[in-house]
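A.B. asks: Take this structure first; my questions come after.
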Amino acid sequence: MTSTADLDLSAGTYIKGIALNDRTFLAVTPFQQLKVVTRDPDVLQPGSKRGSDDPDIVGERLMHDLIQRALAGGKKSNVPKYQKYIENVVTGATPGVLPPMHLWSERPLDVVAPGSTVYLLVPSGDHLLAIDGETQLAAHHALGRAESVDRGTRDAHKTWPLSAVIHHGVDTTTARQYFHDLNVLSVRPNASLGLGMNTQDPVMGIVQDVEAASDLLRGRVEKLARQLPRKSDKLVTLTNLRQMVITVAKGISGIQYGARPMPTDGVDVAELRAVATAWIGDYFAAFTDQIAARETSLAGAGPVLAAVGALGQRLLTTPAEQRPAVRAQLLEDLRTVDWDKGDRWNGIAGGYTASGVFSVKGTKEVAYGVHNALHDTMSPAYNQVRTKSSSDSGRVQLRSAFVPPIKAQDAGGQVSQQSRHADGRTEPNRVAELLSDNSGRSPEDSADEEGRQR
């Protein structure tokens, strides 16, 4: 280590930190200094027109390709999100943490210590490359050059202390191994655990309230595994319960968000909390046994839960004093459904494997079909999945009068399934009619048609 009382400022950039060993330096640096010793990763991408007039850029791009993957696909699309996250952190809009970036220089760098402060000297014209944390580095550069950022945010970002581990005097082969070790050996948490830890997601706050408000759900939400183990006494995974809240808010189209944050623009979070807590709690109370019977019943399957959540969306536009009656009507209609896995749900919620076992398909694949079967009285699937009609006095069982779906060809020769009773009748459902408008269509159908006309 070199010690000197005076720093030669013409030699380059001095970065404050701690020398962990002769090849590793733990640095603390603001972005206004970091941008001097690093390239914007966007400049280093193959075919980038930015920086092409720099004579050193070709060599740096080649070196970058050896120790880092391209800034493309999901990595590239994550940059704007990370940029917004950094902006929120440095302005204090939300609490957050920016993990250390791992930067690299093939040449050894001098460590100097005038007095008690230790610095790493990056020579003028040299640039450190990111072995790990390149998305964050790209987001910092993007925020630094963003024209839409106000002066206060820009100044806060420039001076915000950032941490970096700088590896220097390390050959390319070792740097590639560092990339492997940092990216491959770590184990990412599964989606359920990650969602459960996100305290800033308003949807997760509602999910926690739904669980806390229900005697049945309290302590019976699986927060670690993505699927319920066969012998688990839990009723639902955190992922599926969160999906129900989202479809209450957004309708069945809410399945598109998956584990991603749901935009809350235009959503009355307080109303969503009230509606979701009551509706989801009522559903689990009404069908506890069917939900618990996962091996034989579909009532607790992911696609069904997403569709049931979507049925509750209409409650958001229902006056509060009328909501209990509408919830009761919805539950009465759902009591006519045969939740058993089998022929009724074949081609709707799943299908049979080669060994003859009924297998439920993924939520994004079949939730729309399940939703139609549960609410669309004009769909053949509506009667196909039901054993009885809520309009019948005493809810008379119709199982004995049900004829399995028959295949019919339309004018185009396409094969479709249609359900009917033994006498050829289709059974109307009074509850569904009460929830429909005067035309006999559900509110969702009317809204869809109005959207198409617009």
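The values are calculated or read from the model by the stated rules, or taken from the named source; none is laboratory data. The structure displayed is predicted, hence computed values, not measured ones. Cβ coordinates were reconstructed from backbone atoms using ideal geometry, including for glycine residues, and neighbour counts include every protein chain displayed.
A.B. asks: Considering Gln322, Gln417, Gln329, which residue is outside any loop (DSSP other than H, G, I, E, B), surrounded by fewer than 19 Cβ atoms within 10 Å (Cβ to Cβ) and at pLDDT below 95?
C.D. replies: Gln417
A.B. asks: So Gly266 clears everything in (1) in contact with a Ser or Thr (Cβ under 8 Å, 6 or more places away or on another chain); (2) over 20 Å from Leu195 (Cα atoms); (3) assigned to a loop (DSSP other than H, G, I, E, B); (4) of a type in the set (Gly, Ala, Ser) except one condition, right? Which one?
C.D. replies: (1)
A.B. asks: Hey, any hits in segment 73-89 for a residue that's farther than 22 Å from Glu147 by Cβ and not in a helix (DSSP H, G or I)?
C.D. replies: The answer is no, given that none of the residues of segment 73-89 is farther than 22 Å from Glu147 by Cβ and not in a helix (DSSP H, G or I).
A.B. asks: For segment 283-299, which residues satisfy the criterion of being of a type outside the set (Ser, Thr, Tyr) and either crowded, with 24+ Cβ neighbours inside 10 Å or assigned to a helix (DSSP H, G or I) (or both)?
C.D. replies: Phe284, Ala285, Ala286, Asp289, Gln290, Ile291, Ala292, Leu298
A.B. asks: Which condition does Asp215 not pass, out of (1) surrounded by fewer than 17 Cβ atoms within 10 Å (Cβ to Cβ); (2) over 17 Å from Asp282 (Cα atoms), if it passes all the others?
C.D. replies: Asp215 satisfies all of (1) surrounded by fewer than 17 Cβ atoms within 10 Å (Cβ to Cβ); (2) over 17 Å from Asp282 (Cα atoms) except (2).
A.B. asks: Something else now. Just a yes or no: is a residue in segment 119-128 in contact with a helix residue (DSSP H, G or I) (Cβ under 9 Å, 6 or more places away or on another chain) and β-branched (Val, Ile, Thr)?
C.D. replies: The answer is yes; a qualifying residue exists.
A.B. asks: Which one is surrounded by the fewest Cβ atoms within 10 Å (Cβ to Cβ), of the residues in segment 38-57 that are in contact with an Asp or Glu (Cβ under 7 Å, 6 or more places away or on another chain) and not small (Gly, Ala, Ser)?
C.D. replies: Per the criteria, the residue is Arg50.
A.B. asks: Give just the number: which of (1) under 20 Å from Lys158 (Cβ atoms); (2) surrounded by fewer than 17 Cβ atoms within 10 Å (Cβ to Cβ) does Leu143 not satisfy?
C.D. replies: (2)
A.B. asks: Among (1) loosely packed, with under 13 Cβ neighbours inside 10 Å; (2) over 30 Å from Val89 (Cα atoms), where does Ile18 come up short?
C.D. replies: Every condition holds for Ile18 apart from (2).
A.B. asks: Just give me the residues in segment 232-256 being farther than 22 Å from Arg218 by Cα and surrounded by fewer than 17 Cβ atoms within 10 Å (Cβ to Cβ), in sequence order.
C.D. replies: If the condition is that a residue be farther than 22 Å from Arg218 by Cα and surrounded by fewer than 17 Cβ atoms within 10 Å (Cβ to Cβ), then Ser253, Gln256 are the ones that fit.
A.B. asks: When segment 75-84 is examined, which residues are found to be under 17 Å from Met262 (Cα atoms) and surrounded by 17 or more Cβ atoms within 10 Å (Cβ to Cβ)?
C.D. replies: Tyr82
A.B. asks: Counting just the residues of segment 33-90 that are among the hydrophobic types (A, V, I, L, M, F, W, C) and in contact with a strand residue (DSSP E or B) (Cβ under 7 Å, 6 or more places away or on another chain), which one comes out farthest from Leu137 (Cα to Cα)?
C.D. replies: Met63
A.B. asks: Additional query: Among Ala408, Ala422, Ala349, which is modelled with pLDDT of 95 or more, hydrophobic (A, V, I, L, M, F, W, C) and assigned by TED's automatic domain parsing to the domain that holds Arg260?
C.D. replies: Ala349
A.B. asks: A further question on this structure: Among the aromatic types (Phe, Trp, Tyr) and either out of contact with any Leu (no Cβ under 9 Å at 6 or more places or on another chain) or not assigned by TED's automatic domain parsing to the domain that holds Asn372 (or both): does that describe Tyr257?
C.D. replies: The answer is yes for Tyr257.
A.B. asks: Could you check segment 351-367 and list, in sequence order, the residues that are in contact (Cβ under 8 Å) with a residue 24 or more places away in the chain and crowded, with 17+ Cβ neighbours inside 10 Å?
C.D. replies: Matches in segment 351-367: Val360, Lys361, Thr363, Val366, Ala367.
A.B. asks: Between Leu224, Leu228, Leu235, Leu195, which is in contact with a strand residue (DSSP E or B) (Cβ under 6 Å, 6 or more places away or on another chain) and assigned by TED's automatic domain parsing to the domain that holds Thr296?
C.D. replies: Leu228
A.B. asks: If you take the residues of segment 190-231 that are at pLDDT 90 or above and of a type in the set (S, T, N, Q), which of them is farthest from the chain's Cα centre (by Cα)?
C.D. replies: For segment 190-231, the residue satisfying everything is Ser214.
A.B. asks: Of the residues Leu121, Leu103, Leu98, Leu129, which is over 12 Å from Leu34 (Cα atoms), among the aliphatic types (A, V, I, L, M) and either touching an Asp or Glu at 6+ places or on another chain (Cβ under 6 Å) or outside any loop (DSSP other than H, G, I, E, B) (or both)?
C.D. replies: Leu121
A.B. asks: Shifting gears a bit: I need the full set of residues from segment 258-275 which are under 20 Å from Gly362 (Cβ atoms) and either of a type in the set (S, T, N, Q) or crowded, with 17+ Cβ neighbours inside 10 Å (or both), in order please.
C.D. replies: Hit for segment 258-275 is Met262, nothing else.
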